[in-house]
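Inspection log for the structure reproduced underneath, given as C-alpha cells.
The values are calculated or read from the model by the stated rules, or taken from the named source; none is laboratory data. Bear in mind that the values here come from a model prediction, so they are computed numbers and not experimental data. Neighbour counts run over all protein chains shown; Cβ positions are idealised from the backbone, glycine included. Accessible surface areas use protein heavy atoms only, side chains included; no ligands, DNA or RNA. Shrake-Rupley method; radii C 1.70, N 1.55, O 1.52, S 1.80 Å.
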Amino acid sequence: MRGPLDIHQYLLAHDVHHEIVRLTRGAVGAQGSISLPQALGLPQRRCVAVHPFHAPTRSVDRLALLLAPCDAVIDDAIMGRRLAKAVAMSVSPSRGESHDECAGYVRAGAELVSHRTDYLAGHVAPLLLPPDVDVVALQSLADLATTVVYTPTGDAGTALGLRALDLIVLARAI
C-alpha cells in the first residue's frame, strides 16, 4: 500500500512545494465521521474529497476518481453520467486507447478501489495512481488554482497540502 512517504518522495522529485501534515486526530476519509476538514480545523472548501466511481464496460472495469472540494454537493446519478462523458472525451485513440461506451458511473466499492489504486479505500490519495485510473477534477477545485488545499495521503494520520493547480496537474486530472 502507498502512503505519505511515497507521495513526499514523488513531490520532491518533481520539485513541488508541499507539506505533509501530521493530524492530531485521525481522519476517516475526506468526508467520514471525522472528516479531513475537522481534523485540520480548516474550511471544507480547502480540503479535497476523492470520490471513487466505477463503470463496467464490455472490455474493462473503468475506475474514475472525482476530485472536489469537500463542500461540493455530489449527486451520484448526475455525476455518474457526467463522468462517462468526460472520460469518453479524454480517451485518445491516437495513443492506442479505447473506451467502451457506458451509460454512467456508480460509486465504487472499497475492495475495487483498494485493489486498483494501491491505497486504502477510505484514504485514497489523488497522486501516484496507475495510468488506467481516470482522474476528473471539478471546476470548483480548479478555481482554487493557487490556494493550498489538503488531500488524503493514504493513511488516517496525515494530510498533504499543496496548491490546487499542482494537484490537478500531477494527478493528470481532466
Original post:
Just by accessible area at a 1.4 angstrom probe, what is the order of VAL60, VAL136 from largest to smallest?
Top reply: VAL60, VAL136
Subject >> Extension gain (nm, one decimal) between TYR10 and SER59, 0.36 nm per residue minus Cα-Cα >> reply: 14.5 nm
**OP:** Figure the gain on full extension for LEU165 and ILE74 (residue separation times 0.36 nm, minus the Cα-Cα span) and round it to one decimal in nm.
**Re:** 30.7 nm
Original post:
Of the beta bridges DSSP finds with both residues in the chain, what % are antiparallel, to the nearest 5?
Top reply: 75
Original post:
For MET1, MET89, MET79, what's the largest-to-smallest order of accessible area, 1.4 Å probe?
Top reply: MET89, MET1, MET79
**OP:** For the chain, give the percent of accessible area contributed by carbon and sulfur heavy atoms, probe 1.4 Å, rounded to a whole number.
**Re:** 54
Original post:
Using a Gaussian network model of the chain with C-alpha springs under 10 Å, which one of LEU141, LEU112, LEU63 is most mobile by mean-square fluctuation?
Top reply: LEU112
Subject >> Anisotropy class of region 112-174 from Cα gyration tensor, a/c 1.5 cut >> reply: oblate
Subject >> DSSP loop trypsin sites (Lys or Arg not before Pro) with at most 11 other Cβ within 10 Å: longest gap in the chain >> reply: 59-174
Subject >> Net charge dipole size for the chain [Lys, Arg +1 and Asp, Glu -1 on Cβ; Debye, nearest 20] >> reply: 220
Original post:
Taking 0.36 nm per intervening residue step and subtracting the Cα-Cα distance, what contour gain separates THR24 from ASP132 on full extension?
Top reply: 35.4 nm
Original post:
With no solvent and one point per C-alpha, what does the Debye sum give as log10 I(q)/I(0) for the chain at q = 0.11, 0.14 Å⁻¹?
Top reply: -0.42, -0.69
Original post:
Ranked from the most accessible area to the least, with a 1.4 Å probe and all protein chains present, what is the order of ASP166, ASP132?
Top reply: ASP132, ASP166
Original post:
With labels modelled as points extended 7 Å from the Cα through the Cβ direction, what inter-label distance (nm, one decimal) is found for ILE174 paired with ARG82?
Top reply: 1.5
